[in-house]
Amino acid sequence: MKTLNRVLFLLFIGFGCFQTIAQESIDHKYKEFNFWIGEWNVYKHNTDSIVGKSKIESIIDNKVIKETYHSTTSKYHGTSLNKYNPRTDQWEQFWVDNSGLTLHIIGNLEKGKMILQNEVITKKGVVLNKIKWQKNSDTTVRQTWYQSTDKGQNWVTVFDGDYKPVKKN
């Protein structure tokens, strides 16, 4: 009986260690997109032309990243919710804006870049969306959105912006 109790005890301890390691691995995944968190002025890539302001914040026990974006050149604004989905081992973004656009893209961190994409069937055919976020060495983040209407043969840049931290006074 003592042997059985020892075996059960060791299994229980081993299972607890496995759960701790698994949870730490998942917790790490939730932090992969944290480089985007902050208050940003958004510029057209490689210019001094500000095109928007964006607030990126961690919400819901640090499991979700919320973006609130406002254009500085028009009345355009939108919001995204971004989260790691442990069931699919992928990141998801749900974007909605005042133009009527709804976008659901999925993907992962690849070589330091968050790359999320989807395929949408429209009245004009299939559209592929691919959005990349890259943390730069100068504390900025570059976001580039590409679209393809020919199954990925050719890509058009829809948006290319540099997120620069808002300087606090």
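For (1) out of contact with any strand residue (DSSP E or B) (no Cβ under 9 Å at 6 or more places or on another chain); (2) not in a loop (DSSP other than H, G, I, E, B); (3) not charged (D, E, K, R), each residue gets a yes or a no:
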{"position": "Tyr43", "(1), (2), (3)": "no, yes, yes"}
{"position": "Val51", "(1), (2), (3)": "no, yes, yes"}
{"position": "Lys55", "(1), (2), (3)": "no, yes, no"}
{"position": "Thr73", "(1), (2), (3)": "no, no, yes"}
{"position": "Ser80", "(1), (2), (3)": "no, yes, yes"}
{"position": "Lys83", "(1), (2), (3)": "no, yes, no"}
{"position": "Gln93", "(1), (2), (3)": "no, yes, yes"}
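How many of the residues in the stretch 47-76 are of a type outside the set (S, T, N, Q) and more than 15 Å from Gly161 (Cβ to Cβ)? Even if it seems obvious, please write down each step before you answer.
Taking the stretch 47-76 first, the residues of a type outside the set (S, T, N, Q) are 48, 50-53, 55-57, 59-61, 63-67, 69-70, 75-76.
Pick out the ones that are also more than 15 Å from Gly161 (Cβ to Cβ) and you get 57, 59-61, 63-66, 75.
Number of matching residues: 9.
Quick grid of which residues meet (1) touching a residue at least 24 places away in the same chain (Cβ under 8 Å); (2) of a type in the set (Val, Ile, Thr); (3) within 17 Å of Trp145 (Cα to Cα); (4) outside any strand (DSSP E or B):
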| residue | (1), (2), (3), (4) |
| --- | --- |
| Arg87 | no, no, no, yes |
| His104 | no, no, yes, no |
| Leu109 | yes, no, yes, no |
| Val127 | no, yes, yes, no |
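Determine which member of the set Ser137, Ser99, Ser148 is of a type outside the set (Val, Ile, Thr), without any contact (Cβ under 8 Å) to a residue 60 or more places away in the chain, over 22 Å from Phe35 (Cα atoms) and exposed (fewer than 15 other Cβ atoms within 10 Å of the Cβ).
Values: Ser137 fails: over 22 Å from Phe35 (Cα atoms); Ser148 fails: exposed (fewer than 15 other Cβ atoms within 10 Å of the Cβ).
After applying the criteria, what remains is Ser99.
Just wondering, is there one or more residues in the stretch 130-147 that are out of contact with any Cys (no Cβ under 6 Å at 6 or more places or on another chain), of a type in the set (Gly, Ala, Ser) and at pLDDT 95 or above?
no
The values are calculated or read from the model by the stated rules, or taken from the named source; none is laboratory data. Values in this document were obtained by computation on a predicted structure and should not be read as measured data. Using ideal geometry, Cβ is built from the backbone for each residue, glycine included, and neighbour counts are taken over all protein chains shown.
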